[in-house]
Amino acid sequence: MKGAQLVDVLSEIEQQSSFYFFFKNEEINSVKKVDAQFHEATIDKILSSLLKNTGLKYKIVDKYIVISPDTNGSLSIQPEARTIVGRVTDSTGAPLPGVTIMIKGTTKGTVSDFDGNYSVASVPENAVLVYSFVGMGTQEITTNGQSMIDVTMLEDAIGIEEVVAVGYGTIKKVNLTGAINQISSEDLEDRPITTISSAIQGTMPNLNISFAGGAPGQMGSLNIRGMTSLNGGSPLVLIDGIPGTLDRLTPEEVQNITVLKDASSAAIYGARGAYGVILITTKSGESGKTSIRYNNSFGFSTPTVSTDFITSGYDWMKLNDDALAHVGGYSGYTEADYQELYDRRNDKTEHPDRPWITVQNRNGKDQYVYYGNFDWWNFMFTKWQPSQNHNINISRGTDKIQFMLNGNMKLQDGIMRVATDKYKSYALRSKISAELYPWLKVSNNTNFYNSNYDYYGREGGGNSNFIHINVHASPAYAPVNPDGTATYVSGLNRYDIGDGIFAMLQSRNTKGAKQKYELTTTSEATFIPLKDLNIVANYSYSLYTDPTYYRQVPATYSLYPGEVEIATKYSIDRLSESQQFNQVHVMNVYANYSKIIANNHSIKGVAGFNQELHQAKKISAGRYDLLSPTLNDLNLATGDPYVGGGSSAYALRGIFYRVNYDYKGKYLLETNGRYDGTSRFPKGDRYGFFPSVSAGWRVSEEGFFSPIKNTVDNLKLRASYGSLGNQAVSAPYPYISTLNPGSMSYIFDGDQARYMNSPSPVAGNLTWEKVTSFNVGLDVSLLDNRLNTSFDRYTRNTSGMLSAGEKLPNVFGASQPLENIASLKTEGFELSVEWRNRFNLANKPFRYSTRFILSDNYAHITKINNPTKLTYSNYEGKRIGEIWGYVTDGFFLTDAEAKTYPVNQEWLNRIRNEYNIPLRAGDLRWVDLNGDDIIDSGENTVDNPGDQRVIGNTTPRYAYGMSATANWNNIDFSIFFQGIGQRDWYPGNNADRFWGPYSRPYFSFLPKDFESLIWSPDNPNAYFPNLLAYTALNANNELRATNNRYLQDLAYLRLKSLTIGYSLPNSLINRFKIKKFRIFATGENLLTWTKLDSDYIDPEQAMANGDARVYPFSTTYSFGFDITF
């Protein structure tokens, strides 16, 4: 190399050898260009030649070479650097594990072990060691020739040095002016969970997470700060800065999760961050020796609710026949049949003299007749569902290169006992970063995710099976006949036993699978042209695909001994397959600049460019009548095929900025903005500018505050205001009129006639929904930073929501188009209180902490075009979640009272009217609210609701969480409670566990004590009125009519998690080169306290579905170990 820069020559030496150089850029850059022509030369010879007459010297320490000014004017070989050892403790003298110790100005360092001991090799003379730990103040100590340095870390509960992730950068927690929460990886580890969303539910105020059911692998729905828009809206989820799905991560690969709530925090994301942003930072490799960590958990799950149902065939059948007595009953059993059932009523198992399955001649032919006490629940479903989780993490690094590999496998059995559904997932993440030059770093982050859900039975799997087995599975009926054939009908009525599910499951040929594959890779380069400036450029590509298939084979059964028939409901033979291909391209280029001026003024700024392209395509196909019941290939089908598909794409482009300023750490100012564009809107309406501003005042840093500084350690006031745009308002291109094809029933020239539907009108000026928010906050730390409190109050206004415009004349032939005309206002608050302390117990440190969070939100419509204001519609002034209903003041006490009641309530007595069933004692008595002596809904409008009024609200209110942790003598303990304070629910018409035969007089699983809830002269204080089928199912009946008596409050308190662990002492495990070995036991969803009037419904089931008919939520007990080498 001739005429080369010295830095380039040193870089070339690094490439061709095992040495690494340490130097200051300004000292190297001052050297004139050098010539370097060497062949098989020693490193001493090369460096002596290169540094001759440069005023520089070198020092070789192992494989590291330090270049520095030669103050003596001559070249010298420096003595080797030393190893520094020591112990890190807290203020009580207790050892602190996990403290990071770094050589300042390098990426070389280590972490203290469980006993607080550490060792840093190859420390240059007079180097500065930096000691840092979450919740403690960072310390810098100059070695000064010492070989042993013990350090005492001091509490810093307000997080002076703690760094929080924000958009395109980080910021010290103490300098935050927006509404931001963050949790770390420690909050997620060693819990028996299949999704991160279930782990973080209730851990951060106003991060609201709900689930559609408890099926294995069920992902959570995320919401920040309540109602977003009438058209929906969810937070933006970014994984290492790239859009992703939270629940496709594993807890073990997460470093921290940050939630940006207000406009000032999220404005930098513009169109995507209107309703909050969730930032997930994954773990990276660290400098030091190879670290291998393996952890696992083995768990067993069981439903959170009671499964103690009626299993007496007599009691079940009598209850349902009584409910349907007005039309002749349900079962078709004769008095003789009922006597047979009664004789077996108390038989828990089949008695030889009283068989549960008989063969009798009915209608001139022998058939099976059932008199059983079969426990269908335990026949179809398992009590315990096993699961296991395995994770391995490998990391290593030098000061130049770091890498990390994380692999995860989860296995979980579903609830089905007959043909068990199974879930499994695999994840692999690799991260590598390298410093190619002092001014250039490159990295790659690649993640692969795969999940598989295999099931049998109805399409969709366990949840669909669970729903459909809920009808006609009477304990009197057997699931399987003595000859091994499935049952399907009783021959005595017209219903399918258990909806025919067992007949479908028995062969295991009717089955399906849902698979998900996702590959995401991000390549990044960081340039450092100046000391205070770095420029980051990255590109990410993500591919997601989800191949699914479902094969249905005709189900067989037997009613007549020796005869096998095909079940009518499940007689089709078909195979269907579908798959979507989603691709996402993301490019970011941004620069971060920071500068401290005159030690008082701190300025940080970021500016950049972002562009995204989202492409989606789906294809589906199916065919009937396959040649084989076990081979699943469309080429084996002989019947008619059917196909489907769809595709869409949209793009985003924006430029953004953020500027932070603080004066002496007490006056804080931040401004964000983004000029954003989206392809979802027509030209001319695609771009918008969305700015925000926030400010903070650390009152505790003022001179006048010093008299109470010993009590109040920190007091900060915050406020923010900003606007964002929401571009996810409907379809990818809502401004384009579309023609939908159709087929006529006529044949022309041998082909079925085709046609195109006329397009629906669209507004020509569709554009962004605009979201503006205002937030004020207060942060307080007291009593030596042991007590920390944070409070936020916010208002969010969503304007320009798409809603129906002015009604068009009927002659136009189409409904009015959607326009940006509706507005919504959401308000709420958030409170977080934390106490942390430590003391000595039996001469050993005892550390503990407690935390309480509380949040609330509610919303109402401030503007909309709806002149009719129907009670069930969106209208101006409506509180979102309103429940309108009737009012009852109880039962009629006597038949005479019912007969003479002056108010006509036929409007809510449809079944009684149709079958001439008179009102009597034990029937509901309705209150005539408008005084017209008639119970009705009036015009069903806000102005004329008849006898209805607002009786409740479905918005969850006062969400809270309570947690506590403790650590003593290698024993750790944590407990976490979560719940909500209020949420109303009126049971849906198919809420079988609640209504029982009042809805459908054939629900399979009736609560054990249900008969005690039914009114009778001997039970006048019963919960339910006189038993009558379908009154909770069909409209204009007393129980289907929403009313105050059966309105439920879903408020609950759940013991979400309880963990106890023990770490083996280092003195025991160090001899085996083990750094850490911890065993633990954990319980999830252990106990639930609720106001709900049923032990058979989980509150979250009712929130997920109006009928609460979803895959059961589970209590899980698990154990495992965590080992690090």
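The values are calculated or read from the model by the stated rules, or taken from the named source; none is laboratory data. Fair warning: this is a prediction, and the values are worked out from it, not measured in the lab. Note that each Cβ is placed from the backbone with ideal geometry, even for glycine, and that neighbours are counted across all protein chains shown.
Checked against (1) within 23 Å of T1088 (Cα to Cα); (2) part of a loop (DSSP other than H, G, I, E, B); (3) of a type in the set (S, T, Y), Y958 meets all criteria but (2). When A419, A478 are screened for being small (G, A, S), in contact with a Ser or Thr (Cβ under 6 Å, 6 or more places away or on another chain) and within 19 Å of S1004 (Cβ to Cβ), only A478 passes. Based on this model, can you work out whether F704 counts as hydrophobic (A, V, I, L, M, F, W, C), loosely packed, with under 12 Cβ neighbours inside 10 Å and not in a loop (DSSP other than H, G, I, E, B)? Yes. Surrounded by 22 or more Cβ atoms within 10 Å (Cβ to Cβ), of a type in the set (D, E) and within 30 Å of G244 (Cα to Cα), is that true of D499? No. Residues in segment 691-717 that are within 35 Å of the chain's Cα centre (by Cα) and among the aromatic types (F, W, Y): 1 in all.
Suppose the filter is assigned to a strand (DSSP E or B), surrounded by 12 or more Cβ atoms within 10 Å (Cβ to Cβ) and of a type in the set (D, E); does D784 pass it? For D784, the condition - assigned to a strand (DSSP E or B), surrounded by 12 or more Cβ atoms within 10 Å (Cβ to Cβ) and of a type in the set (D, E) - is not met.
Can you tell me which residues in segment 1077-1098 are more than 26 Å from A991 (Cβ to Cβ) and either basic (K, R) or assigned to a loop (DSSP other than H, G, I, E, B) (or both)? Explain how you work it out, then say what you get.
Our first condition is that a residue be more than 26 Å from A991 (Cβ to Cβ); within segment 1077-1098, this holds for 1077-1083.
If the condition is that a residue be more than 26 Å from A991 (Cβ to Cβ) and either basic (K, R) or assigned to a loop (DSSP other than H, G, I, E, B) (or both), then R1078 is the only one that fits.
What about S264, is it closer than 24 Å to Q182 by Cβ and part of a helix (DSSP H, G or I)? Criteria met by S264. Within segment 504-536, being touching a Pro at 6+ places or on another chain (Cβ under 7 Å), closer than 20 Å to I469 by Cβ and surrounded by fewer than 16 Cβ atoms within 10 Å (Cβ to Cβ) holds for no residue. Considering segment 369-443, the qualifying strands (runs of 3 or more DSSP E), each wholly inside and each with 1 or more residues that are within 30 Å of I535 (Cβ to Cβ) and modelled with pLDDT of 95 or more, run over 401-413, 422-437.
Taking segment 614-670 as the range and being without any contact (Cβ under 8 Å) to a residue 40 or more places away in the chain, surrounded by 13 or more Cβ atoms within 10 Å (Cβ to Cβ) and part of a strand (DSSP E or B) as the test, the residues that pass are H614, Q615, A616, K617, Y667.
Could you please let me know if T228 is touching a helix residue (DSSP H, G or I) at 6+ places or on another chain (Cβ under 6 Å), modelled with pLDDT of 90 or more and not in a strand (DSSP E or B)? In short, no.
When R1040, R1054, R1045 are checked against the criterion of being crowded, with 19+ Cβ neighbours inside 10 Å, basic (K, R) and farther than 28 Å from W376 by Cβ, R1054 stands alone in meeting it.
Per-residue answers, yes or no, for (1) closer than 27 Å to L1013 by Cα; (2) assigned to a loop (DSSP other than H, G, I, E, B); (3) modelled with pLDDT of 95 or more:
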position: A271; (1), (2), (3): no, no, no
position: L279; (1), (2), (3): no, no, no
position: G285; (1), (2), (3): no, yes, no
position: V305; (1), (2), (3): yes, yes, yes
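When the residues of segment 742-780 are filtered to those that are within 30 Å of E670 (Cβ to Cβ) and of a type in the set (D, E), which remaining residue is surrounded by the fewest Cβ atoms within 10 Å (Cβ to Cβ)?
Filtering first and then ranking leaves D779.
For segment 102-115, indicate whether the set of residues that are at pLDDT below 70, of a type in the set (S, T, N, Q), out of contact with any strand residue (DSSP E or B) (no Cβ under 6 Å at 6 or more places or on another chain) and buried (at least 16 other Cβ atoms within 10 Å of the Cβ) is non-empty. Reasoning before the result, please.
Initial filter on segment 102-115 (at pLDDT below 70): 107, 114.
Checking which are of a type in the set (S, T, N, Q) leaves us with 107.
With out of contact with any strand residue (DSSP E or B) (no Cβ under 6 Å at 6 or more places or on another chain) added as a condition, the list becomes 107.
Then keep just the ones that are buried (at least 16 other Cβ atoms within 10 Å of the Cβ); that gives 107.
Looking for residues that are at pLDDT below 70, of a type in the set (S, T, N, Q), out of contact with any strand residue (DSSP E or B) (no Cβ under 6 Å at 6 or more places or on another chain) and buried (at least 16 other Cβ atoms within 10 Å of the Cβ), one finds at least one in segment 102-115, hence yes.
Of all residues in segment 774-796, those that are at pLDDT below 95 and in contact with a Gly (Cβ under 7 Å, 6 or more places away or on another chain) total 0.
With Y1023, Y1052, Y998 as the choices, which residue is farther than 30 Å from E186 by Cα and under 36 Å from the mean Cα position of the chain (by Cα)?
Details: Y1023 fails: under 36 Å from the mean Cα position of the chain (by Cα); Y1052 fails: farther than 30 Å from E186 by Cα.
Matching residue, one of Y1023, Y1052, Y998: Y998.
In segment 1018-1030, is there at least one residue being touching a residue at least 60 places away in the same chain (Cβ under 8 Å), of a type in the set (D, E, K, R) and either part of a loop (DSSP other than H, G, I, E, B) or crowded, with 17+ Cβ neighbours inside 10 Å (or both)? Looking through segment 1018-1030, none of the residues is touching a residue at least 60 places away in the same chain (Cβ under 8 Å), of a type in the set (D, E, K, R) and either part of a loop (DSSP other than H, G, I, E, B) or crowded, with 17+ Cβ neighbours inside 10 Å (or both). When the residues of segment 915-941 are filtered to those that are within 19 Å of Y872 (Cα to Cα) and either of a type in the set (D, E, K, R) or touching a His at 6+ places or on another chain (Cβ under 6 Å) (or both), the one that is surrounded by the most Cβ atoms within 10 Å (Cβ to Cβ) is D936. Out of all the residues in segment 979-1017, which are surrounded by fewer than 20 Cβ atoms within 10 Å (Cβ to Cβ) and closer than 30 Å to I200 by Cβ? G981, Q982, G988, listed by residue number.
Residue under question is G828, and the condition is that it be under 27 Å from P987 (Cα atoms) and not β-branched (V, I, T); does it hold? Show your work before the answer.
Working: under 27 Å from P987 (Cα atoms): no; not β-branched (V, I, T): yes.
No.
Here's the yes/no breakdown for (1) within 30 Å of V693 (Cβ to Cβ); (2) outside any loop (DSSP other than H, G, I, E, B); (3) among the basic types (K, R):
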| residue | (1), (2), (3) |
| --- | --- |
| G178 | yes, no, no |
| N181 | yes, yes, no |
| E186 | no, yes, no |
| S197 | no, yes, no |
| P205 | yes, no, no |
| N208 | yes, yes, no |
